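A.B. asks: Shown below is the structure under consideration.
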Amino acid sequence: AGAAPDVKKPPAKPFREPPLPDAKTGELNLRRESDDASSSAKAGEEARMKSRPILTRLLRTPLSGGVLHGMRDADLPSVAVAARNLMELADYADLSTIMSNMNHRRAGYPFASTVDFATDADGYPIFCLTPLAMHTRNLAYNARASLTVKMNGWGGLANARVTIFGDVHRLPDEYQKAANEIFKAKYAARKEESDLDDRWGDYTFYRMSKVIDVYFVGGFGSLTWVALRDYREATPDKIVTPSDDGSVLSILAELNAKFGTRLVASGAVQAGVASNEESHVAKSTVDDLWIISIDKRGIDVRVRMDGVSQVRRLNFHGCVETYADARAAVEAIVEGRVW
């Protein structure tokens, strides 16, 4: 028998830079393909989104022996704001890319990796990637990707999460410095200074410049597609964005140190339950409590009651913007008074 013919692998797709926008150098105002849809397509999307139920529950369905319990949904952020807040709160996310044929195996299959990220003013993800990473090589071959962001401090299927679908491209050179500043603004208070100073040597900034969809899950039975316009126009709460108070993680750490034990003793968790849970939860004992997230309207706490872990919502009586506001609001919850 003759020798088998050589099978040539298709060449990798050439890398293409995103088109340069009509904007001042250093601003991340890149034109997006998602902005080019026709007016009729936008109208159709708006009509479709309006016909869907908007579910805004955020971690309101704790697992307890396989039975789901509901909680009051009063005074929660909108879905778009909840998604934007989550993008600010999270340190890391799972970036899923498509395996390229240059990797010599599993071409065409999805590949998920953990990455750190920041967001621009429109909530579009920015990444700092090394050229040696598998996901970076995959993006050079196929820009399509998804980013799944989950809430810190809580795991399992009841965890809040948002998935962003879109195309990821390397930012042009004139935008690299601006992306660096955005990245440092988020991580300056979260990473060691040495990690921020020198890590950019062989790293390059990328951005999901074309976002095509946003999918938000707030726990079991709490899920919805978020309209792109709503997501872009939503403003994350000031309390979760970088500020002079530090990062939101430092704010949560200080609140836990100051109020963790007092919240357990206050009975606030047992008081903030739904009517169908009152007889059961009122008799429960809180074994452990940890504040895992905050927004301007309240806090989410991970609690263990009678050995069962779940997440509870404690609402503020006003809106908070700074650490001082948050400290006063949680103090009021502990003392059982209106702030």
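Nothing in this text is a laboratory measurement; each read-out follows from the coordinates by a stated rule. Bear in mind that the values here come from a model prediction, so they are computed numbers and not experimental data. Glycine also receives a Cβ, built like all others from the backbone with ideal geometry; neighbour counts cover every protein chain displayed.
A.B. asks: Listed here are the pairs LYS184/LYS210; LYS150/LYS296; LYS210/LYS296; LYS177/LYS296; which of them are more than 25 Å apart at the Cα?
C.D. replies: LYS210/LYS296; LYS177/LYS296
A.B. asks: Also, quick follow-up: If I model a spin label as a point 7 Å beyond the Cα along the Cα-Cβ vector, how far apart are those points for ALA185 and GLU331 in nm?
C.D. replies: With each label placed 7 Å out from Cα toward Cβ, I get 3.0 nm.
A.B. asks: Separate question: Figure the gain on full extension for LEU132 and GLU321 (residue separation times 0.36 nm, minus the Cα-Cα span) and round it to one decimal in nm. All intermediate terms of the calculation are to be shown ahead of the outcome.
C.D. replies: Numbers: separation 189, 0.36 × 189 = 68.04 nm, distance 4.05 nm.
That pair, LEU132 and GLU321, stretches by 64.0 nm at full extension.
A.B. asks: Let's test the formula: R0 of 30 Å, r as the Cβ-Cβ distance of LYS177 and ALA253. What FRET efficiency results, to the nearest 0.05? Working shown, then result.
C.D. replies: On the way: r = 31 Å, r/R0 = 1.02.
The computed FRET efficiency comes out at 0.45.
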